[in-house]
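Read the structure below first, then the notes.
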Amino acid sequence: MITRLLCFFDKKISASARLSALASVKNTTVGEKCAVAKYSNLKNSYIGERCRIYKRARIYGSSLSGFNTVGTCSKLKNVSLGVHSYVSKNTSLAEITVGNFCSIGPDVKNHLASHPTDVFVSSHPAFYSPDSPTGSFTDQLRFNEYGENVMVGNDVWIGAESLLMDGVKVGNGAIIAARSVVTKDVPPYAIVGGTPARVIRYRFDDGMIELLEESQWWNWDLAEIRKSAYLFHDVQEFSKMIQRNQTH
């Protein structure tokens, strides 16, 4: 009933979506068959079809492509999330682009705010940010707390409690071990871990990595992926299928 009433007044909310009466949704498109749990807060965002937003999640200025899940108490700010990618509980992401079919574990973070270390007399945000948590002495932002955006490719798995530093790029198919601190770019299909994160090994040999990169299976139509899903259990069989298609 709540969703039907919201749809009547707000044409951006699909009639098939299920919204808790205790959720806050403002200036946000909510697609077909989405579920938005209580105490979640969505503002200035686009939520594609069949997304599930768990309780106390906060999503601001973000775009979810569809078939996404955002876990309990997670926060997304200016995030682009590719199709079938999910974010586990207590994760906080800002100014980040995430590709398709990515798995982001709990308590993952990026863009830890920095403070001025020279020129400014004080490093306290009261002197450079009007949004200082303790009150401010300035009415305009005088120091950019956040650096370059983070870019995450497709089919990436980021383990629990990992930290992605400003400006890093994570290649397609990469795996980041739990509690890693990623300070530099991660190559495609690399498995990295540690503080700072270093390459442990690669998931496949160079030839297989090249084939998977060229296939760009994560951009296939979902119907085609569903049709070929049984081959995803064996990378060798998958590669044979790709090679057969290339010869026809």
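The values are calculated or read from the model by the stated rules, or taken from the named source; none is laboratory data. Remember, predicted model here, so these are calculated numbers, not experimental data. Quick reminder, even Gly has a Cβ in these numbers, built from the backbone with ideal geometry, and neighbours come from all protein chains shown.
Contact map, the stretch 203-215: residues that are over 11 Å from residue 242 (Cβ atoms) paired with residues that are modelled with pLDDT of 95 or more and surrounded by fewer than 15 Cβ atoms within 10 Å (Cβ to Cβ), Cβ distance under 7 Å, separation 6+ or inter-chain. Pairs shown: 204/235. Considering 191, 200, the condition of being assigned to a strand (DSSP E or B) and touching a Gly at 6+ places or on another chain (Cβ under 6 Å) is satisfied by 200 alone. The listed residues are 221, 234, 206, and the only one of them that is of a type outside the set (A, V, I, L, M, F, W, C), more than 27 Å from residue 67 (Cβ to Cβ) and loosely packed, with under 13 Cβ neighbours inside 10 Å turns out to be 206. When residues in the stretch 50-80 are screened for being in a strand (DSSP E or B) and within 20 Å of residue 165 (Cβ to Cβ), 6 of them pass. Residues in the stretch 173-188 that are buried (at least 22 other Cβ atoms within 10 Å of the Cβ) and outside any strand (DSSP E or B): 173, 174, 180. The requirement of being among the polar types (S, T, N, Q) and more than 16 Å from residue 149 (Cα to Cα) is satisfied by residue 91. Across the stretch 77-135, the qualifying residues are those that are in contact (Cβ under 8 Å) with a residue 60 or more places away in the chain and within 23 Å of residue 43 (Cβ to Cβ), and the one among them that is surrounded by the fewest Cβ atoms within 10 Å (Cβ to Cβ) is 88. Would you confirm, using the coordinates I've provided, whether residue 148 is in a loop (DSSP other than H, G, I, E, B), of a type outside the set (A, V, I, L, M), exposed (fewer than 13 other Cβ atoms within 10 Å of the Cβ) and free of Cβ contacts under 8 Å to residues at least 60 places away in the same chain? In short, yes.
Considering only the stretch 159-170, I want to know if a residue exists there that is modelled with pLDDT of 90 or more, assigned to a loop (DSSP other than H, G, I, E, B), closer than 20 Å to residue 215 by Cβ and touching a strand residue (DSSP E or B) at 6+ places or on another chain (Cβ under 6 Å). Within the stretch 159-170, none of the residues are modelled with pLDDT of 90 or more, assigned to a loop (DSSP other than H, G, I, E, B), closer than 20 Å to residue 215 by Cβ and touching a strand residue (DSSP E or B) at 6+ places or on another chain (Cβ under 6 Å).
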